[in-house]
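Notes follow the structure.
The values are calculated or read from the model by the stated rules, or taken from the named source; none is laboratory data. Since the structure is predicted, the reported quantities are computational estimates derived from the model, not experimental observations. Reconstructed Cβ throughout: ideal geometry from the backbone, glycine too, with neighbour counts over all protein chains shown.
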Amino acid sequence: MSERSASWLPIAEDSPFPVENLPYGVFRDGDEEPRVGCAAGDWVLDLSRLEIPHAADFGRPSLNRFMSRGRSAWTAVRRRVTALLLDPGARRELEPHLIPRSEVRLELPFETADFVDFYSFEQHARNMGAMLRPGSEPLLPNWRHLPVAYHGRAGTVVISGTPVLRPCGQRRDPGEARPSFGPSRRLDIEAEVGFVVGVPSALGSPVPAGALRDHVFGAVLVNDWSARDIQAWEYVPLGPFLGKSFATSISPWVVPLDALEAARVAPQRQDPEPLDYLRDPDPWALDIVLTVILNGTVISRPRFRHLYWTPGQQLAHLTINGARLRTGDLCSSGTVSGPERNEWGSLMELTWNGERPLVLDGGSARRFLEDGDTVRITGAAYAVSGGWIGFGEVVGTILPAGGRPDPAEAAQRLGGHDPDSAPMPSHEGDS
């Protein structure tokens, strides 16, 4: 096992942002205009003030211009910034442009062009099928032949920390003769990993499954909030609409693909063998461990390595009909769920559609989200040093439809809790 690169910048051994990571984000420092920086330890390095390639791109309020330049530009900047942080002689040059992360406000790192959400974890698909179609084969006939997805709304992709207003819509509960309208009663989370497109493709030119690295800039954490009752009533026959389109939260830091090289693992075996256009000459998943925390209680630790349809196959399927990629496209994985119950990435699975409520620290129980609840998702992956790199976090608090939660109550729920050392919650009825 190799050691972390020794930077002149003091970076704690357990920091999620060592020199091997250097994720990109957009920040605002006081009254200054938003611009691009990278996270290094407890600091944000203002890239717009450095003598590095494409420095002008970093004076903008989004990463889109830089992401569109492609892999050669991404590699050149990453190498240069890494070299500066490792070179003690560069300390005087960089120190004036290091800002404590605690003093900046993070904003959406890129302008979202399109949002596509896949359904790429077999355990999640099996769990949902078993709940929604009891007594039938959980996987529908197409699931093992193509990466199932729905097209979401780019305009409701929001930055971590943005409150989530409980959505209203039509829903019809079992036993009701007619639908009713009102706030969702079954508001849920979906812990996911999203890939951000940098280099676009031409209309009518499919992207091969092995060409993902030519187009994808990096990865973020995603919480694709879901109103299960609204979704259940509307999704036949065309799929999710209002049950999904009200909010999708993302983490503020985009981790470059180059930082994730050491996290690459073989994906789940595919059976039957996919059609030719979905065959990837070098298929891979990533060993990213997510942690899902509800009101301070760790409720799940899903692992992205259980992926069935790979990111390259997702891009190939998305474009095989001639659809084009655009800079800022967000392609999310779908709910990350593994074979063990503590690896399931949604409340619908963890409570088995509300039949087995989760018991949180302090004794309160949850079937689905209540007003004032705060959900926090973190992520970590292996680094080339043999340690870990982090994604930061994606956080959201549920606001009541037309109202606001009690700030004191929310603070009390979260105060003084260490999610990394917390035990997994129990289920009502567990022995």
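Odds and ends about this structure:
- For first residues located in the range 43-57 and part of a loop (DSSP other than H, G, I, E, B), partners that are modelled with pLDDT under 95 and of a type in the set (D, E, K, R) and lie 6+ apart or on another chain with Cβ distances below 9 Å do not occur.
- Selection status of ILE377, in contact with a helix residue (DSSP H, G or I) (Cβ under 7 Å, 6 or more places away or on another chain), assigned to a strand (DSSP E or B) and either at pLDDT 95 or above or farther than 30 Å from ALA202 by Cβ (or both): no
- So ALA177, is it of a type in the set (A, V, I, L, M, F, W, C), surrounded by 14 or more Cβ atoms within 10 Å (Cβ to Cβ) and assigned by TED's automatic domain parsing to the domain that holds ARG279: no
- The criterion of at least 2 residues that are within 29 Å of LEU290 (Cβ to Cβ) and among the polar types (S, T, N, Q) is met by the following strands (runs of 3 or more DSSP E) wholly inside the range 173-254: 248-250.
- Residues within the range 388-406 that are at pLDDT 95 or above and within 30 Å of GLU20 (Cβ to Cβ), tallied: 8
- Failed condition for THR310, given (1) surrounded by fewer than 22 Cβ atoms within 10 Å (Cβ to Cβ); (2) in contact with a strand residue (DSSP E or B) (Cβ under 9 Å, 6 or more places away or on another chain); (3) β-branched (Val, Ile, Thr): (1)
- Which numbered condition ARG213 misses (of (1) in contact (Cβ under 8 Å) with a residue 60 or more places away in the chain; (2) more than 16 Å from ALA316 (Cα to Cα)): (2)
- Options ALA247, ALA211, ALA259, ALA263; residue that is closer than 26 Å to LEU350 by Cα and buried (at least 17 other Cβ atoms within 10 Å of the Cβ): ALA247
- Considering residues of the range 264-279 that are touching a Leu at 6+ places or on another chain (Cβ under 9 Å) and part of a loop (DSSP other than H, G, I, E, B) only, the residue farthest from GLN123 (Cα to Cα): LEU275
- Residue in the range 16-23 that is surrounded by 15 or more Cβ atoms within 10 Å (Cβ to Cβ), among the acidic types (Asp, Glu) and touching a Ser or Thr at 6+ places or on another chain (Cβ under 8 Å) present: yes
- Residue in the range 31-42 that is surrounded by the most Cβ atoms within 10 Å (Cβ to Cβ), counting only those that are more than 30 Å from GLU13 (Cβ to Cβ) and touching a residue at least 24 places away in the same chain (Cβ under 8 Å): PRO34
- The residues on offer are SER184, SER251, and the sole one that is within 30 Å of ASP282 (Cβ to Cβ) and of a type in the set (S, T, N, Q) is SER251.
- Of residues in the range 327-370 being acidic (Asp, Glu) and surrounded by fewer than 17 Cβ atoms within 10 Å (Cβ to Cβ), the one farthest from THR310 (Cα to Cα): ASP361
- Exactly one residue out of GLU107, GLU122, GLU95, GLU103 is buried (at least 17 other Cβ atoms within 10 Å of the Cβ) and either closer than 23 Å to GLU20 by Cα or of a type in the set (Asp, Glu) (or both), and it is GLU122.
- Among the residues of the range 280-314, those identified as outside any loop (DSSP other than H, G, I, E, B) and of a type in the set (A, V, I, L, M) are ALA285, LEU286, ILE288, VAL289, LEU290, VAL292, ILE293, LEU294, VAL298, ILE299.
- Failed item, numbered, when ALA202 is tested on (1) surrounded by 14 or more Cβ atoms within 10 Å (Cβ to Cβ); (2) farther than 17 Å from THR335 by Cα: (1)
- Count - residues of the range 338-369 that are more than 25 Å from THR112 (Cβ to Cβ), part of a loop (DSSP other than H, G, I, E, B) and at pLDDT 95 or above: 17
- Residue within the range 184-199 that is modelled with pLDDT of 95 or more, out of contact with any Cys (no Cβ under 8 Å at 6 or more places or on another chain) and hydroxyl-bearing (Ser, Thr, Tyr) present: no
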